[in-house]
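The structure appears below as structure tokens.
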Amino acid sequence: MGLARRLYRGEIDVDFVGKWRLWYSLSGLLLAVSLAGLLFNGLNLGVEFKGGTIFSFKATQTTVQEVRESVLDEGVHQVIVQQAGTDGWRATTESLSEDTRAQVQSAIAKDFNVPVDQVSIQAIGPSWGGEVSQKAWIGLGVFMLAIILYLSMAFEPKMALAAIVALVHDLVITAGIYAWSGFEVTPATLLGFLTILGYSLYDAVVVFDMIKEVTAKLGHTSKQTYSMAANNALNHTLIRSLNTSLVAILPVAAILFIGTTVLGAGTLKDLSLSLFVGMIVGTYSSLCVATPLLVTLKEREPKYQAIARRLASTGGGKGSKGSKSAAVAKS
Amino acid sequence: MLLALILALGGTMFLQKAYTPKLGLDLAGGTTVTLTPVTQNNASPPEEILDRAVNIIRDRVNGTGISDAEVAKSGDNIIISIPGVGQNEAIKLVATTAELRFRQVLAVAATQAPQDLATNAPTPSGSASPSAGTSTSPTAQPSTQPSSQPSTSQSITTPSASPTGKALSSALTAPTPASSAPAQGAADPTAKPAATQKTGQDGKTQTGQDGKTTQTGQDGKQQEQGGKKGQEAKTSPSAKASPSAQPSTPPAQDPNAGIDTTGIDPAVLEQFNKLDCSNPANRGQGVQDDPAKQYAACETDGSFKYVLDVAKVVGTDIDTASAGVRQGTTEWVVQLDFKSKGAGEWGKLTTTAYNSPEPRNMVAVVLDGVVITAPVIQSPIPGGRAEITGGFDQLSATNLADQLKYGALPLKFNRSSVDTVSSTLGQDQLEGGLIAGVIGLGLVVLYCLLYYRGLGIVAVLSLVVATIITYTAVVVLGHNAGFRLSLPHIIGLVVSIGITADSFIVYFERIRDEMKEGRRTLRAAVEVAWVRARRTILIADAVMFIAAIVLYFLAVGGVAGFAFAMGLTTLIDIVVVFLFTKPFIALLAKMKFFAKGHPLSGLDAERMSETSSTGRTTTPQEA
């Protein structure tokens, strides 16, 4: 049984907090790589952000699938096929060069037996243009402020700060993965990001709630430093974190699997991919970034420094060994 | 209570005979409208103006409900895709595309269309009809009727009495109502003689050849004014003085009779004379008004026509507009806030109008070349805040506020095509999503049962309850609030399974903690764990809910709809955990199977606290 059995019994005891140097450098590296990706590669934005080309024509006896294949065969990355009216068709692609446009036009004409001049070409602007994106950014800013305010009241300002840093960390890394992989960013992807925001915070909040409960008992005579107590609390909620992450990721993974293998490109893939990536990063960050960061902030407080000094001098141990004694203290 | 909620939602669903959710653009397709800008000599409109138009149209379309409409530029055209087929309401709203302008009224006349107006008469304002019928009320209407009716049925004055109710009942004030009534009273006596005098002179020159005396024209006008004042009498008693001029001479046939034409461009006056507002063609689309010129226009319902001064304030000067009930009354009002530049202009305009004789004390709100309302200025309004009162109900107030708020379109558009389009998403994507969702759910159920055993059943049942509530809520909201499910929403709801399940897991883990710490009875553990878990669940859900609210109010289009779905599932999560999961577990705790910690119950105390042989630290696997 090994690991699974110990997990089930809640006997797992990992020193997340003590290994903060490892997590910080790992996250720092990931952030640097992500930022570099965003800077040099940029995001592969979809039609909704960049605008695109619409091909419209009239054809009887064809299907969405046929039109889609016909257009994709010409080296187009993304296409949205729509039926307009009874036998009108509309294929929206990303912005195309003059040559590709002509190519797609003649391909459609050939495949569906319509004269070339009956396939009209229209360039459309982004439906998620400047204003929409700008509003989204403002929304994000206000959202973060609101969360900081709320968490400062419900918990304390340092916890709010740690949670927000972890959140930004998740967003940047997820965006970085998109930049490097060249996955397409569509409105569906953005909605996926937004879900991650809520989800990542939810996770951190549950962990912090436990830390608050455990560390509230710390006093002059306590046998634990703040970091030990925090680590203890973290291990306590570890099973919950892993369980909930698993429960949330299972459906997403199923959607991603079907979306990529069976259907190929589309809304389904865009959305589930960003969720999948974001959730994994989010679980990692609430365990390995948010909590160690909180501990780093808290250990500077005189009260907890005093406890740490006293325990160090009496040989109570700290850092990596701390968690072990913490576990003992708990049971 | 939970049962009541489900029954209420389900009941609404059955009553409305709506069993399926409304679907969004990507799933169900919709209506696509192409708008082509109308410009002089067909030149392309400047890019930034087109962009502004796109944003305004987007606000308008998405302001109609919680649906995700798409608005995109296509060359010079704007393409709007609205979910659902035959969205006539939305298309109409979008099609009202001209810029909003505020113009001082220079002259006004009632339309000569008695039949049309007679049928409409009682409807516009409830207060108008009773006062017209009873002679006890000292308003203008009773006196108007006797004077005009004997002469001719086609007279100007007959119709003027009743429809006035609507136009006249509106008034513009600064938000403090106290100051406006005395001001109105003071204004009336002075304004009236001046108007009479002028009208008399001008009327003579204009109407001499018709053989009508100026007095008549003036009279007709006067009576109409009386009607206006009569309506206002509701709020300001001193206004009743106005219908004093009662000489009953034959009514005027000449349209200009009784109109003060000072300062009116003769060309516009001629236009005004020809203007037939009883013809709906003259009061809809297709009229382009130049803000720098005087302009003749009809009221939206055709009851009046106006000569209007150049536009001093335009829609872009408005910051916000909202409809509300004035404090302490049941009266619906429309509140307006101007931007700083607009506020100054607005102050000047209202001061000019206030100091002018009737009917020039009115300021018309012109949208798409049609007067949507022409309130009387009851006092100069500095400071950029104004309030339009009178004769509104909730619907008309909200409509006007929306028109004021979103009405500032800088371009004029023609609808060049309206198409019904299929979904942007293949049926395969929807099916794939649903299949994947079912597989995902199956995995979750399997995992819950394997890990939590007996408790897993609670989790699964809770998820079932949550699903039922979500489904019915989405259906009911779809039919009542315009909420439309798109694929991202569906995925969002599937993902929310994770968040809903999280609540159970937090609670279950707490119970197990309590058991491990050696609580004797399960019942005690369930209660103690609940107190702790409840706090965590509420804080965590509050975070989600804040996220949803902020995103809903600040974001647009698809994001707003998504935020709405997120907030909804968070609320449902709380409802299910409090009203179903907790009571259900408490109930189970009384059963032997769980209370005794049967190995399959998931609460097997022995298995949980058994000391392990190895204490090795292991790196956890991250999902």
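Overview of results
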item: Cα-based shape type of segment A:52-124, given that a ≥ b ≥ c are square roots of the gyration tensor eigenvalues and the cut on a/c is 1.5; result: rounded
item: On Cα atoms only, tilt of A:187-215 relative to the major axis of chain A in degrees; result: 10
item: Degrees, to the nearest 10: A:302-313 long Cα axis against longest axis of chain A; result: 60
item: Placed amide H near B:V38: partners under 5 Å, 5+ positions off or other chain; result: B:K412, B:F413, B:N414
item: Shielding score for A:268-277, defined as the mean number of other chain Cβ atoms within 10 Å; result: 4
item: Residue of A:Q78, A:Q65, A:Q122 that the Gaussian network model of chain A assigns the largest fluctuation, springs spanning Cα pairs under 10 Å; result: A:Q65
item: Rounded FRET efficiency, nearest 0.05, which uses the C-beta distance separating B:Y19 from B:V310 and R0 of 51 Å; result: 0.35
item: 5 angstrom amide H check on A:G51, placed H, neighbours 5+ away; result: A:S127
item: Chain A: angle of helix A:98-111 to the longest principal axis, Cα-based, in degrees nearest 10; result: 60
item: Reduction of at least 20 Å² in accessible surface, 1.4 Å probe, comparing all protein chains with the chain by itself, residues of segment A:140-162; result: A:V142, A:F143, A:A146, A:I147, A:Y150
item: Protein accessible area in segment A:52-124, 1.4 Å probe - carbon and sulfur %; result: 45
item: Cα gyration tensor category, rounded, prolate or oblate, for segment B:432-551 with a/c compared to 1.5; result: prolate
item: Residue of A:L242, A:L161, A:L171 that the Gaussian network model of chain A assigns the largest fluctuation, springs spanning Cα pairs under 10 Å; result: A:L242
item: When each of B:K341/B:K412; A:K58/B:K22; A:K19/A:K135; A:K50/A:K269 is checked by Cα-Cα distance, pairs over 31 Å; result: A:K19/A:K135
item: 1.4 Å probe accessible area per residue over segment B:266-399, in Å²; result: 39
item: Difference of contour (0.36 nm per residue) and Cα-Cα distance, B:T39 to B:F584; result: 189.4 nm
item: Cα-based shape type of chain A, given that a ≥ b ≥ c are square roots of the gyration tensor eigenvalues and the cut on a/c is 1.5; result: prolate
item: Average partner coverage of A:282-294, which counts Cβ from other chains inside 10 Å; result: 1
item: DSSP-assigned coil residues among trypsin sites (Lys or Arg not before Pro) in segment B:493-549, each with at most 15 further Cβ atoms within 10 Å; result: B:R520
item: Förster radius 60 Å - calculated FRET efficiency between A:E156 and B:E270 (Cβ-Cβ, nearest 0.05); result: 0.20
item: Interface area, B with A, accessible, probe 1.4 Å, both sides summed, Å² nearest 100; result: 7600
item: Shielding score for B:497-507, defined as the mean number of other chain Cβ atoms within 10 Å; result: 6
item: Test item: Cα-centred dipole of segment A:160-312, Lys/Arg +1 and Asp/Glu -1 on Cβ, debye; result: 740
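The values are calculated or read from the model by the stated rules, or taken from the named source; none is laboratory data. Only a predicted model underlies this, so the values are computations on that prediction, with no experimental measurement involved. Because the Cβ atoms are built from the backbone with ideal geometry, glycine has one as well, and the counts that use them run over all protein chains shown. Protein only, heavy atoms only, side chains kept; ligands, DNA and RNA dropped before computing areas. Shrake-Rupley method; radii C 1.70, N 1.55, O 1.52, S 1.80 Å.
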